[in-house]
Every structure is written in structure tokens, then in C-alpha cells.
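These notes concern the structure reproduced below.
The values are calculated or read from the model by the stated rules, or taken from the named source; none is laboratory data. This structure is a prediction, so every number in the text was calculated from the model and none was measured. We place every Cβ from the backbone using ideal geometry, glycine too, and count neighbours over all the protein chains shown.
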Amino acid sequence: MDASYAHQRAQALLKQRNIFVISFVASVVLNLFQMGINLTKDREVVLVPLMSDRMSITSGTVSNDYLESTTRDAALLALNRAPSALDYWKSNILRITHPSAHGEVNRELVKIVDELRHSDVTQSFAITGMRVDPRRLISEVDGVVTSYVGSKVISSQARTFRFRWRYEGVSLSLLGFEMLVEEKPTPKSRIRP
């Protein structure tokens, strides 16, 4: 009687093992299928901006509106600075910078921080226009840069800045920014050949 009971028990355990193996293989196949679907499908993230329009980005491209709003925020962050907030200013620019450009941007920011740390020069930037190119991931911002010592305005000039971006997955990161210098036409020679 013990042999038949042991045989029945072994058969029950074998049946449970077979059901477990079949369930495991089915689960692996379904997970691989789901992973394949997720990898080939464009991801979309709905953003909750502080703007009047709804925006979203996909893993395929950056929309014009998203690049424009990101450029606006980055320009206001990068071009408005005061000696009392230089550490905050620098760390937040580095937070939006792509890791591949982190070292270069950090070096430039350290130069500015060292120059302004013990001064009373404050800079403000008022945007007057913007152009964005989502295909090339470049944006240009026009505006007026005003410098102050204390409360006295020491300069106010119209300037254009170019921001370069990198888009990976659904993340837009800063590669760098620079002031564009307007090329002055070379004076024509008054001597005639």
C-alpha cells in the first residue's frame, strides 16, 4: 500500500511541476512579446507645464512648442545672474546639461563664477524674440542684456544667444550656449585700382 501511495504522490508532484514549467514558459514568452512591443513603440510623456497649451513629447521628435518653452526657461536661467546666487545658478545649469557636455559647460561656468563672485555686477535678460529648429536641435534667443552695479545700470545691449540641444529617449538636454557676435561688414577701400 505504501508503494501505490508513493506512486500517486509522485504523479501528483510531477503534474504540479509540469503545470509550473508550462506557466513559466508562457510567462517568459508573454514578457518577451510585451518587451518587443514596448521597444518598437514611440513613448509619449504628457507634460504638466505652467503654460496655457497642453504639450507632450514622444521618443521620436521634439515639438516646436516644447523646444521653445525649454529654450525660454534655459535662457532665463542662464542669462539672469547675481553674485549672491551664483552657486544655485551654476548647479541648475549643470542639471539640464547633457553628460557629454558637462565638463566643457562646467569649465565655462566656473570662469564666470570666479569673475563675478566678489563683484556687485548683476545681469538681467529680457527676451525679445526666439527662433527654434527642432530638426537640428538649435534655438536662438534675442533679447536685451542689462548689467547693473548695485542699482545703477552700467550697460544695456541687444544680443542673440544660440542654444544647442541633445534629444535622447524623451529627454532634452543642453549641449551648450553661446553669444552670437554680429559680423561687421569690412569697410570698402577708398583707393580705386
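Rundown of residues vs (1) assigned to a helix (DSSP H, G or I); (2) under 23 Å from residue 157 (Cα atoms), yes/no style:
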site	(1), (2)
102	yes, no
109	yes, yes
128	no, yes
132	no, yes
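Would you check which residues across the range 143-161 are of a type outside the set (Gly, Ala, Ser) and either over 16 Å from residue 73 (Cβ atoms) or over 27 Å from the mean Cα position of the chain (by Cα) (or both) and list them? Listed by number, the residues that qualify are 144, 145, 146, 148, 149, 152, 153, 154, 157, 159, 160.
Filter the range 56-86 down to residues that are part of a loop (DSSP other than H, G, I, E, B) and among the aliphatic types (A, V, I, L, M) and give me whichever is modelled with the lowest pLDDT. Here the residue is 62. A Cβ distance below 8 Å, combined with a sequence gap of six or more or placement on separate chains, defines the contacts here; from the range 169-182, residues that are on the phi < 0 side of the Ramachandran plot reach no residue that is hydrophobic (A, V, I, L, M, F, W, C) and surrounded by fewer than 12 Cβ atoms within 10 Å (Cβ to Cβ). Scanning the range 142-153 for residues that are assigned to a strand (DSSP E or B) and either of a type outside the set (S, T, N, Q) or touching a residue at least 24 places away in the same chain (Cβ under 8 Å) (or both) returns 142, 143, 144, 145, 147, 148, 149, 152, 153.
The residues listed here are 139, 119; of these, the one that is in a strand (DSSP E or B) and among the small types (Gly, Ala, Ser) is 139. Would you mind stating whether residue 119 is closer than 16 Å to residue 149 by Cα and surrounded by fewer than 14 Cβ atoms within 10 Å (Cβ to Cβ)? So residue 119 passes the test.
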